[in-house]
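The values are calculated or read from the model by the stated rules, or taken from the named source; none is laboratory data. It should be emphasised that the depicted structure is a prediction, and the values quoted were computed from it without experimental measurement. Cβ coordinates were reconstructed from backbone atoms using ideal geometry, including for glycine residues, and neighbour counts include every protein chain displayed. Accessible surface is based on the protein model in full, side chains and every heavy atom, while ligands, DNA and RNA are left aside. Shrake-Rupley method; radii C 1.70, N 1.55, O 1.52, S 1.80 Å.
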Amino acid sequence: MTTTAARELSFGQAINEAIRQEMRRDPKIIVMGEDVAGAAGRAHLGFVDAWGGPLRATRGLITEFGPERILDTPIAEMGFLGAGVGAAMSGLRPIVEIMFVDLIGCCYDQIMNQAAKMHYMMGGQVELPLVIRTAYGTRGGDNRTYGGGAGAQHSQTLYAVLAHIPGLKVVVPSTAYNAKGLTISAIRDNGPVIILEHKFLGLRAKGPVPEESYTLPIGSAQIVRRGRDVTLCGIGRMTHICSEAADSLSAEGIDAEVVDVLTLSPLDEGTILESVSRTRRLVVVDEDTPVCSVARELFGTGA
Amino acid sequence: MLSRGGCSQEKAGKLQRLTHTSSNSASRAAGLAQNLPSREKLLWMYERLTLIREFEERLKWLVETGVPVGAVHYYTGQEACAVGVCAALEPGDWIASTHRGHGHCIAKGVEVHRMMAELYGKTTGSNRAKGGSMHITDVRVGMLGVNPIVGMGVTHAVGAALSAKVRKTSQVAAAFFGEGGASIGAVHEAMNLAAIWKLPVLFVCENNGYAQATPVEYAVSVRRIADRAAAYSMPGVTVDGQDAIAVWEASAAAVERARRGQGPSLIECMTYRYYGHHQGDDTGRYRPREEEQSARDRDCIRRFREQTLDQHLLTATELDAIEAANRKKIDEAVAFAESSPLPQPADLFTHVYVPARDGEQK
């Protein structure tokens, strides 16, 4: 692929560009969610696009694609995610935003029993090209706090309860670059994919992103730093913590390798095992609660 | 007299006429005189009514003789609801169904031999043995799935209607649910979405009086579920769900409204399931026997037969021939299911993820 000189985009801008480019090439793609645009129906008063989602990743899409394809929804996660499932079974490719992953309790059946199982239960007769985007984690991280003050119902990770479900692909990008590539891959996938977008990265991360459309493979981890002595495994924002740790360790003469897991399900066991087979040591950095967690799954893989 | 709910009613007089429960066949005939399905459609309706009945009765016999067909919820008694609604739909339209879904499948055109094979857990089944009774699906005929998580199919029908609107087709979607399902939030969220987006949806509530063993008068806050249509600014009508022609007439009006872009409607069909919630359920623990007999006295198939014969719309010879053909069709479906192969253990692990299509750019 030839690429132009990469510009710096924010994490949210990269996702926005991914969705925009895909919507231009495929009229079957729609975006639904609470305030994915904002000020719905108020264009006659001069109000459009008032919000753009929690990470502003969908801001501006309504001015290009209109309210027919950028659908602000009422607060009804079970209803509009279900509509997304039904639309995906009947000819559309919906991208549904659940504002925060903490809200999946309101629509978990649509994820667990409906979207993830349709292809299997129906013996392969339907495709389910559905993307669920949701923000996770904490906003904080300015060297004073990793919290952010949002409390226990707006700071969770919860990816373990998603990765547990067969049939659902669970993707956690860590940079603006891989956020764009993985989002495009998710949109082109014919099955359900949930993308967890870290709030801190969404609000703070920036990085080089080619203007061209490109995909990155779902189901592949990436070794982002080569090392001999220990494998540090990170998910989403924690990959950056791993890299910072690797810098610190380097000053102490320890050569750490950093693996960015990127897809939690299906897990790229091969890349992780290959790394651990060389370093013989595995440290998993995870911000989720430990019981039945993806971290434990990674330890199990590496053991 | 059943009530009519909802607001912004059109054709109030016409809809009012649909709500009567009079057993006076003369007034029934007078009521039908101006608006009847075509003769061809009437024949189709009788064929589907009796095919569903034959399928379920044979299934019940198979279950009771020990054939392992999994958990089943017999539709027997409610046939007029599925057939009346589907008679108003086109082949390209969509339906979404409930756990009690065999009747909806047959009414929408799913082939009974593939359904029976699915129940037998054979690879020739509609879902390649991966669904069973509670997941029968055939998207080729617009059947989006039997769905046993109560209320969820309603949201999927709304999604299909959204798809039709975005893709600018004339398709409509019918969402079946029971009076039990009328209590789950998903149904209300779906109704609100369909109303604000003016989606082409028929919300079809089959009120059979019982959610498992919980009676409707205990669980539902309103006297008529159709009254809830008012909360979503859509027409709501209660019809006699034992009268396939009345269900068809209400559905045809709702379909016409939906295709005109005027949004969803709610149709409540008053009906009754003859058997328990599922196979083996003893209804004597929660329903009076007199009530069950009273429902059987209003049997939808006998009634359809009487209506069409009394009015000289169809002949007994035609109807008898349909019943005989259906018995043969179910015989063949059972033979097909019995002779089909079982899945292999490795089949457990296929269809977990949706594959990329051949040649697709990734």
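For the range B:232-266, a tally of residues being buried (at least 22 other Cβ atoms within 10 Å of the Cβ) and more than 18 Å from B:Ala175 (Cβ to Cβ) returns 7. For the criterion of being free of Cβ contacts under 8 Å to residues at least 12 places away in the same chain, small (Gly, Ala, Ser) and farther than 19 Å from B:Trp94 by Cα, B:Ser233 fails. Consider the range B:122-136 and keep the residues that are more than 7 Å from chain A (Cβ to nearest Cβ) and buried (at least 23 other Cβ atoms within 10 Å of the Cβ). The one that is nearest to B:Phe336 (Cα to Cα) is B:Gly125. The condition of being touching a Phe, Trp or Tyr at 6+ places or on another chain (Cβ under 6 Å), at positive phi and either surrounded by fewer than 20 Cβ atoms within 10 Å (Cβ to Cβ) or modelled with pLDDT of 95 or more (or both) holds for B:Gly77. Tell me yes or no: at least one residue of the range A:57-69 is more than 21 Å from the chain's Cα centre (by Cα) and of a type in the set (S, T, N, Q). Yes: the range A:57-69 contains one or more residues that are more than 21 Å from the chain's Cα centre (by Cα) and of a type in the set (S, T, N, Q). Do we find that B:His312 is farther than 30 Å from A:Lys169 by Cβ, at pLDDT 95 or above and assigned to a loop (DSSP other than H, G, I, E, B) in this structure? The answer is yes for B:His312. Restricting attention to the range B:206-231 and to residues that are in a helix (DSSP H, G or I) and farther than 25 Å from B:Pro148 by Cβ, the residue that is most open to solvent (accessible area, probe 1.4 Å) turns out to be B:Ala231. Counting residues in the range B:158-181 that are farther than 27 Å from B:Gln262 by Cβ, open to solvent by 10 Å² or more (accessible area, probe 1.4 Å) and either more than 9 Å from chain A (Cβ to nearest Cβ) or assigned to a loop (DSSP other than H, G, I, E, B) (or both) gives one or more.
Tell me which residues, restricted to the range A:61-91, are aromatic (Phe, Trp, Tyr) and buried (at least 24 other Cβ atoms within 10 Å of the Cβ). Within the range A:61-91, A:Phe80 is the sole residue that qualifies.
Among all positions in the range A:152-160, there is no residue which is in contact with a Lys or Arg (Cβ under 7 Å, 6 or more places away or on another chain) and among the β-branched types (Val, Ile, Thr). Among the residues of the range A:130-143, at least one is under 25 Å from A:Asp72 (Cα atoms) and within 12 Å of chain B (Cβ to nearest Cβ). Scanning the range B:294-304 for residues that are in contact (Cβ under 8 Å) with a residue 12 or more places away in the chain, open to solvent by 50 Å² or more (accessible area, probe 1.4 Å) and either within 15 Å of B:Val83 (Cα to Cα) or in a helix (DSSP H, G or I) (or both) returns a single hit, B:Arg296.
Of all residues in the range A:192-239, those that are closer than 30 Å to B:Arg357 by Cα, part of a strand (DSSP E or B) and under 16 Å from the mean Cα position of the chain (by Cα) total 6.
Scanning the range A:213-267 for residues that are without any contact (Cβ under 8 Å) to a residue 40 or more places away in the chain, touching a Cys at 6+ places or on another chain (Cβ under 9 Å) and open to solvent by less than 10 Å² (accessible area, probe 1.4 Å) yields a total of 3. Tell me, which residue of the range A:173-184 that is surrounded by 24 or more Cβ atoms within 10 Å (Cβ to Cβ) and not β-branched (Val, Ile, Thr) is farthest from A:Val259 (Cα to Cα)? In this case the residue turns out to be A:Lys180. Taking every residue in the range B:305-325 that is closer than 18 Å to B:Glu79 by Cβ and pairing it with any residue that is outside any loop (DSSP other than H, G, I, E, B) and modelled with pLDDT under 95, at least 6 positions away or on another chain, the pairs with Cβ-Cβ distances below 8 Å are B:Glu306/B:Ser25; B:Gln307/B:Ser25; B:Gln307/B:Arg28; B:Gln307/B:Ala29; B:Gln307/B:Leu32.
Checking each residue in the range B:331-342 for being farther than 21 Å from B:Glu57 by Cα and open to solvent by 50 Å² or more (accessible area, probe 1.4 Å) picks out B:Pro341, B:Leu342.
Rundown of residues vs (1) away from chain B (no Cβ under 14 Å); (2) small (Gly, Ala, Ser), yes/no style:
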position: A:Asn178; (1), (2): yes, no
position: A:Thr183; (1), (2): no, no
position: A:Ala186; (1), (2): no, yes
position: A:Leu203; (1), (2): yes, no
position: A:Glu211; (1), (2): yes, no
position: A:Arg237; (1), (2): yes, no
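For the range B:148-157, a residue qualifies if it is open to solvent by less than 30 Å² (accessible area, probe 1.4 Å), more than 8 Å from chain A (Cβ to nearest Cβ) and over 24 Å from B:Trp248 (Cβ atoms), and exactly one does: B:Gly151.
So is A:Thr58 buried (at least 24 other Cβ atoms within 10 Å of the Cβ), more than 10 Å from chain B (Cβ to nearest Cβ) and not hydrophobic (A, V, I, L, M, F, W, C) or not?
yes
Of everything in the range A:92-125 that's open to solvent by 10 Å² or more (accessible area, probe 1.4 Å) and small (Gly, Ala, Ser), which residue is farthest from the other protein chains (Cβ to nearest Cβ)? Within the range A:92-125, the match that is farthest from the other protein chains (Cβ to nearest Cβ) is A:Gly105. For the range B:137-146, residues that are in contact with a strand residue (DSSP E or B) (Cβ under 7 Å, 6 or more places away or on another chain), of a type outside the set (A, V, I, L, M) and facing chain A (nearest Cβ under 8 Å) total 2. Considering the conditions (1) open to solvent by less than 90 Å² (accessible area, probe 1.4 Å); (2) over 25 Å from B:Val110 (Cα atoms); (3) of a type outside the set (Val, Ile, Thr), B:Pro345 is excluded by exactly one of them, (1).
When the range B:271-293 is filtered for residues that are open to solvent by 70 Å² or more (accessible area, probe 1.4 Å) and under 20 Å from B:Ile52 (Cβ atoms), only B:His278 remains. What about A:Gly12, is it assigned by TED's automatic domain parsing to the domain that holds A:His154 and on the phi > 0 side of the Ramachandran plot? No: the conditions fail for A:Gly12. Scanning the range B:315-358 for residues that are within 13 Å of another protein chain (Cβ to nearest Cβ), not in a helix (DSSP H, G or I) and not hydroxyl-bearing (Ser, Thr, Tyr) yields B:Pro343, B:His351, B:Val352, B:Val354, B:Pro355, B:Ala356, B:Arg357, B:Asp358.
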